[in-house]
Amino acid sequence: MADALTVERASDRTVVTLSRPEKKNAIDQQMIDALHAVCDELEAHPRVLILHGAGGVFAAGADIAQLRERRAEDARRGINTHAFRRVRALPMPVIAAIDGWALGGGAELAYAADIRIGTPSARIGNPETGLGIIAAAGATWRLPEIVGHARASEMLLTGRILRAEEALAWGLLSSLHESGEVLAAAHAIADRIAANDALATRHTKTALLAVADQHPAIELDLQAELFERPEKEQRMTRFLARKADR
């Protein structure tokens with residue numbers, strides 16, 4: 001059986017390609033298991049994660065043939081939910097490079113990313129109610145955070161699928177790139193992240209994901225740790241030296 005994911009590793013990033021092109025990268029149990037394995041690795045050795053899909057599709061949804069056979073006990077297990085929560089909680093940023101369809105579970109995986117970019121052919125939405133189920137792997141709480149409650153309600157209650165330009169206008173995507181360039185654009189974002197201090201980046205993500213009542217205390221605690229590190233003094237000294245040379 002072919003691997004559901006292709007994983008490429010570098011010192012500062014990991015690129016994961018959803019790789020079931022014959023099924024439009026539909027998310028099945030094998031792919032979920034492979035995502036858990038990637039999360040095991042990135043939790044232990046934090047790096048930026050880039051998510052991409054093979055064959056001009058991000059992920060056209062969950063594997064409906066498997067989903068049709070699941071029952072109440074399977075729903076309560078949160079098969080996709082727990083994998084996507086781990087992706088969301090990874091220590092370093094996650095970038096989703098979306099080409100073509102990102103529907104249902106594929107959209108929910110994209111919502112778990114910190115940064116989403118796309119191509120003009122990107123199509124994003126949650127048609128679950130048309131299949132007699134709900135979007136239960138993150139869309140009902142992540143999508144309102146991304147696009148606002150009113151727009152999330154319209155998408156989830158109607159099953160509306162956004163075209164790339166709409167997704168960009170709604171803030172669901174932060175930029176658009178040609179199909180052959182979207183992965184390079186994701187790497188360019190990863191390059192900018194890698195140029196910054198890794199712990200400062202991790203702490204910024206921690207603060208971004210914190211619930212409202214943890215602020216501002218969490219920022220102050222994280223900043224206090226950073227203030228005591230030699231990296232802060234070194235980076236600021238270099239900044240001041242460059243400024244003096246201008």
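State whether one or more residues within segment 71-90 are in contact with a strand residue (DSSP E or B) (Cβ under 7 Å, 6 or more places away or on another chain), more than 18 Å from Ile134 (Cβ to Cβ) and of a type in the set (A, V, I, L, M).
Yes, that holds for at least one residue.
When Val16 is evaluated against the numbered criteria (1) of a type in the set (A, V, I, L, M, F, W, C); (2) closer than 28 Å to Gly159 by Cβ; (3) without any contact (Cβ under 8 Å) to a residue 40 or more places away in the chain; (4) not in a strand (DSSP E or B), which criterion, by number, is the only one it fails?
For Val16, the failing item is (4).
If you go through segment 123-135 one residue at a time, do you hit one that is in contact with a helix residue (DSSP H, G or I) (Cβ under 8 Å, 6 or more places away or on another chain), under 15 Å from Asn25 (Cβ atoms) and modelled with pLDDT of 95 or more?
Yes, segment 123-135 has at least one match.
I'd like the full set of residues that are assigned to a loop (DSSP other than H, G, I, E, B) and either in contact (Cβ under 8 Å) with a residue 24 or more places away in the chain or crowded, with 18+ Cβ neighbours inside 10 Å (or both), limited to segment 33-88.
Scanning segment 33-88 gives Pro46, Arg47, Val57, Phe58, Ala60, Gly61, Asp63, Gly78.
Would you tally the residues in segment 139-179 being touching a residue at least 60 places away in the same chain (Cβ under 8 Å) and more than 26 Å from Ala83 (Cα to Cα)?
Result for segment 139-179: 2.
Within segment 127-138, count every residue that is farther than 15 Å from Ile79 by Cβ and either among the small types (Gly, Ala, Ser) or outside any helix (DSSP H, G or I) (or both).
Within segment 127-138, residues that are farther than 15 Å from Ile79 by Cβ and either among the small types (Gly, Ala, Ser) or outside any helix (DSSP H, G or I) (or both) number 3.
Working carefully through the options Ala217, Ala188, Ala224, Ala212, find the one that is on the phi < 0 side of the Ramachandran plot and either surrounded by 12 or more Cβ atoms within 10 Å (Cβ to Cβ) or within 20 Å of the chain's Cα centre (by Cα) (or both).
Among Ala217, Ala188, Ala224, Ala212, only Ala188 is on the phi < 0 side of the Ramachandran plot and either surrounded by 12 or more Cβ atoms within 10 Å (Cβ to Cβ) or within 20 Å of the chain's Cα centre (by Cα) (or both).
Determine whether Arg71 is over 19 Å from the mean Cα position of the chain (by Cα) and of a type in the set (Lys, Arg).
Details: over 19 Å from the mean Cα position of the chain (by Cα): yes; of a type in the set (Lys, Arg): yes.
It is true that Arg71 is over 19 Å from the mean Cα position of the chain (by Cα) and of a type in the set (Lys, Arg).
Restricting to segment 191-209, name every residue that is farther than 13 Å from Arg13 by Cβ and either without any contact (Cβ under 8 Å) to a residue 24 or more places away in the chain or under 20 Å from the mean Cα position of the chain (by Cα) (or both).
Asn196, Leu199, Ala200, Arg202, His203, Thr204, Lys205, Thr206, Ala207, Leu208, Leu209
What number of residues within segment 105-125 satisfy the criterion of being among the small types (Gly, Ala, Ser), free of Cβ contacts under 8 Å to residues at least 60 places away in the same chain and farther than 30 Å from His203 by Cβ?
Going through segment 105-125 one residue at a time, the tally reaches 1.
From the list Ile117, Ile95, Ile124, exactly one residue is buried (at least 16 other Cβ atoms within 10 Å of the Cβ), touching a Ser or Thr at 6+ places or on another chain (Cβ under 6 Å) and assigned to a strand (DSSP E or B). Which is it?
Selected residue: Ile117, the only one of Ile117, Ile95, Ile124 that is buried (at least 16 other Cβ atoms within 10 Å of the Cβ), touching a Ser or Thr at 6+ places or on another chain (Cβ under 6 Å) and assigned to a strand (DSSP E or B).
Quick check: anything in segment 1-23 more than 28 Å from Lys205 (Cα to Cα), buried (at least 21 other Cβ atoms within 10 Å of the Cβ) and of a type outside the set (A, V, I, L, M)?
Yes; the residues of segment 1-23 include at least one that is more than 28 Å from Lys205 (Cα to Cα), buried (at least 21 other Cβ atoms within 10 Å of the Cβ) and of a type outside the set (A, V, I, L, M).
The values are calculated or read from the model by the stated rules, or taken from the named source; none is laboratory data. The shown structure was predicted, so the numbers you read here are calculated from the model rather than taken from an experiment. Cβ: placed from backbone, ideal geometry, glycine included. Neighbour counts: every protein chain shown.
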